[in-house]
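A short reminder: the numbers here are calculations on the coordinates, not readings from a lab. From a predicted model like this one, the values you see are computed outputs, not experimental measurements. All Cβ positions, glycine included, derive from the backbone under ideal geometry; neighbour counts span all protein chains shown.
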Amino acid sequence: MKNENVDQQNLTVSTPPRPRDSLMPHANGVTMVVMRAYGPAGDSLIGLGDETFDGYPAITLKLRADGREGLVHLSPVHGDRRKTGFTDIKPGTKCELFCPVSGKRLDFVGPVDDGSGAEYYAIYLTERCTPDAMVAISDVWAHYHSRIIDDSELISYWARTHDEA
């Protein structure tokens, strides 16, 4: 369709608001808190233990590193490096990341583009487990690179690079 055939003066394009209940704005609208997180089979990763960070339930993953494995509880506040549980891992160690409920390995997303050799794996933000809504986390211990993708938008990058109006 050509633009000349569109009555642009009377055209209104709108998208109904989509509830973003998997992410909650926190601290002046730029820090994101993951409120819902799912493994590759759609199992919830939130609140599997009693661990909380600033009152928010932790995201729990099963890790395998250096021939050992255990549960690690991650802060759901994006960019917060706090974690509890299986944490006595040497920085730089490559880890295997699993869903603690299904036992399935987290889905591979792709390489981290910083030359470190780290790779991204998916924690999904909806039970549909689609790549348009996920947190991509690094598989290298103490390599603090993650990305939040919601509605196919890289919102973690936007939150870091935009000042509040």
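Sort 32-41, 127-136 by packing, meaning the average of other beta carbons within 10 Å per residue, with the highest value first.
Most protected by this proxy first, the peptides run 32-41, 127-136.
Enumerate the calculated ³J(HN,Hα) couplings along the stretch 42-59 in order (Karplus 6.51 cos²θ - 1.76 cosθ + 1.60, θ = phi - 60°), each rounded to whole Hz, writing x wherever the residue is Gly or Pro.
Per-residue couplings from phi come out as x, 7, 5, 9, 9, x, 6, x, 8, 5, 9, 10, 6, x, 9, x, 6, 8 Hz.
With the crude spin-label approximation of a point 7 Å out along Cα→Cβ, what separation in nm comes out for residue 44 versus residue 102?
1.7 nm
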